[in-house]
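Here the structure comes first, spelled out in structure tokens, and everything after it is commentary.
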Amino acid sequence: MIAPSLAERYLASMVTQAKAKLVAIVDDDELMRGALQGMLKSVGLPSQAFASAEEFLKSGQQKQTACLITDIRMPGMSGLELQAKLNAEHCRIPTIFITAHGDTKMRMQVLRAGAVEFLTKPFDDVVLLESVRATLEN
């Protein structure tokens, strides 16, 4: 018997919980957006990708978003500014930050502001999927 793949194991545990729960991806790096969307799709999670924080805000998808994955450093509005704007508008979306430029101070800042996770690139896909799963279960 062949052992189930990572995607198959997550698919079995996540699909039921994830119906109608959108995961929004905000990252200026097209390759990163595509990779994240592909990974989420492989486990049966609906996602929508945005090239900027401004694009996400203009989309009107905030109310449908159950989990937000965002880069911190982006042209225009940063992920930190996006989180602050959403919080100011009382739109508390569980947020997972990903960054290639993180440090302990930044990690503490985003977690205090309500982020559910802070991952530095390159991050472990399993850790990210576990964070998304935990967010969607709440």
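Estimated purely from DSSP H runs of n ≥ 4, each contributing -39500 (n - 2.57), the mean residue ellipticity at 222 nm for the chain is -14000 deg cm²/dmol once divided by its residues.
Enter the mean projected area of the convex hull around the alpha-carbon atoms of segment 15-137, in nm², rounded to one decimal. Mind showing how you got there, number by number?
On the way: hull surface 27.2 nm².
The directionally averaged projection comes out at 6.8 nm².
Cα centroid separation, segment 77-138 to segment 27-44: 16 Å.
Please state the relative contact order of the chain as a whole percent: Cα pairs under 8 Å, 6+ residues apart? Intermediate values should be presented prior to the final figure.
Details: 207 pairs, mean separation 29.1, N = 138.
Normalised by residue count, the contact order of the chain is 21 percent.
Going from the fewest other Cβ atoms within 10 Å to the most, the residues H101, H90 appear in the order H90, H101. Tell me which of L129, T104, Q61 sits at the most positive position along the dipole axis of the chain, charges placed on C-beta atoms (Lys, Arg +1; Asp, Glu -1). Result: Q61, furthest along the dipole toward the positive end. Which net charge results when you count Lys and Arg as +1 and Asp and Glu as -1 among the other residues whose beta-carbon is under 13 Å from that of A115? It works out to a net charge of +1. Taking a 26 Å limit on the Cα-Cα distance, which of the listed pairs K41/K85; K41/K105; K21/K58 fall beyond it? Correct reply: K41/K85; K41/K105.
Residues T120, T104, T70, T65, arranged from fewest to most other Cβ atoms within 10 angstrom of their Cβ, appear as T104, T120, T65, T70.
Throughout, read-outs are computed from the coordinates displayed, never taken from laboratory work. This is a predicted model, so every value here is computed, not measured. Note that we place each Cβ from the backbone using ideal geometry, even for glycine, and neighbour counts take in every protein chain shown.
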